[in-house]
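The values are calculated or read from the model by the stated rules, or taken from the named source; none is laboratory data. Small disclaimer: the values here were computed from a predicted structure and weren't measured. Here Cβ is always computed from backbone atoms with ideal geometry, including for glycine, and neighbour counts include all displayed protein chains.
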Amino acid sequence: MSVGRTRFIATAVLAAAALTLSACAEDTGTGTEGDTASNPSGTIQEGLTITFLPKQVNNPYFDTSDNQGGRSAVEEFNGEYAQTGPSEASPSAQVSYINTLSQQGTDVIIIAANDQDAVCGSLTEARAAGAKVVTYDSDTKPECRDAFVNQATAEGIAQTQIRLISEAIGPEGGEIAILSATANATNQNAWIELMEAELTKPEYSSLTLVATVYGDDQDEKSFQEAQGLLSRYPDLKGIISPTTVGVAAAARYLSGSSYKGNVQLTGLGTPNQMREFVKDGTVTSFALWNPADLGYLAAYTGAALASGIITGAEGETFTAGKLGEYTVGANGEILLGDPFVFDASNIDQFDF
Ligand code: RAM
């Protein structure tokens, strides 16, 4: 049993704590309207162990969300922060990490799922053992976690991506392609589906999606996939890469090629990885949200669940430190905000 969970039992009113813990053990899905929080207007428990399990470690996006945002939130409420995870974003790579966290009695597991199904069995076991599970960035099926902290609506992300590539290419339009992360990624697949729907709107009739390829959130594979797209589709006018790894790799390829400035690129990137490519004219604009805020909100969500302030049921509210108050939406979803567009006029104001 973790320090955090031990302290939880020691400090809470005993009867209430026993009730909370047995409720945890029986909870098998996202909170529903019927669930009631045991401590709705209470404060966050001290000493909670909160571990982030990103799609992959050593990805600057997750370094920022977890090691900056997540860590600072956990420090604010005097918990114990950790990050662990695989180096490759493959579907089942996270399972053994979840099992270990469960055995260690970690109070809160915060996971960006590489696959919406592959981690469900082990997450369900971890929850039965008493852990609260928050997904962030990339969701599982709703029944496998307590809450999902969504960085921006999937519709908003898809609309922004299509608008940015359309503006960059101009009214003549042409062929476009998508360079994604892994083929199983819940988040990217949701965005791709909605981008395809967005392309059916009359204002985008001059754009034709000719291919979707996967760089697996690996720099070298993403670079090669970008190169492959240009050799297979010589008339390609634009690439959308809704992954920080993919868009940076594609930008590096285009910037060193004869396609620079002729083939447009947008996607979801971090300002620090994309700055040189905006400055050298390879990329006009790209989008993202603040990953540090995403990790910060996910940590507060996990703490609110573990402290009985929320159960993950629609309509519950909690305070996430400096970000203020949030309300749990349908399916246990908590929305961070709107996507943000970076371009030459604002990129120097950001450092992540
Ligand atoms: C990569 C990952 C992550 C995604 C960002 C935009 O870092 O694929 O899941 O949200 O890009």
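A few remarks follow.
- Any chance Ser180 is of a type in the set (Gly, Ala, Ser) and closer than 23 Å to Ala89 by Cβ: yes
- Helices (runs of 4 or more DSSP H) wholly inside region 211-298 that include at least 1 residues being within 16 Å of the ligand (Cβ to nearest atom) and surrounded by fewer than 17 Cβ atoms within 10 Å (Cβ to Cβ): 219-232, 271-279
- Exclusive hit being at negative phi and out of contact with any strand residue (DSSP E or B) (no Cβ under 8 Å at 6 or more places or on another chain), set Asp280, Asp343, Asp348: Asp348
- First in region 31-51 and closer than 17 Å to Thr317 by Cβ, second anywhere and at pLDDT below 95 and not in a strand (DSSP E or B), Cβ under 6 Å, 6 or more apart: Ser38/Thr20
- The residues on offer are Ser231, Ser241, Ser285, Ser258, and the sole one that is polar (S, T, N, Q) and closer than 29 Å to Arg71 by Cβ is Ser241.
- The single residue among Asp63, Asp115 that is over 17 Å from Ala292 (Cα atoms) and either surrounded by 21 or more Cβ atoms within 10 Å (Cβ to Cβ) or within 16 Å of the chain's Cα centre (by Cα) (or both) turns out to be Asp115.
- Total residues in region 107-122, condition more than 12 Å from Val134 (Cα to Cα) and of a type in the set (D, E, K, R): 2
- For region 326-334, the criterion of being in a loop (DSSP other than H, G, I, E, B) and free of Cβ contacts under 8 Å to residues at least 40 places away in the same chain is met by at least one residue.
- Residue pairs meeting the criteria (Cβ under 9 Å; at least 6 apart or on separate chains; first of a type in the set (Lys, Arg), in region 279-299; second modelled with pLDDT of 95 or more): Lys279/Ala344; Lys279/Ile347
- Selection of region 109-143 for residues being of a type in the set (Gly, Ala, Ser), touching a strand residue (DSSP E or B) at 6+ places or on another chain (Cβ under 9 Å) and away from the ligand (no atom under 16 Å from the Cβ) yields Ala126, Ala131.
- If you go through region 84-106 and keep only what is more than 16 Å from the ligand (Cβ to nearest atom) and either in a loop (DSSP other than H, G, I, E, B) or farther than 15 Å from Val133 by Cα (or both), you end up with Thr84, Ser92, Ser96, Gln104, Gly105, Thr106.
- Where Tyr61 falls short, out of the listed (1) over 23 Å from Glu80 (Cβ atoms); (2) modelled with pLDDT under 95; (3) not in a loop (DSSP other than H, G, I, E, B): (2)
- Test: Thr270 is under 16 Å from the mean Cα position of the chain (by Cα) and assigned by TED's automatic domain parsing to the domain that holds Asn187: yes
- Within region 121-209, strands (runs of 3 or more DSSP E) holding 3 or more residues that are more than 21 Å from Phe286 (Cα to Cα): 132-136, 147-150
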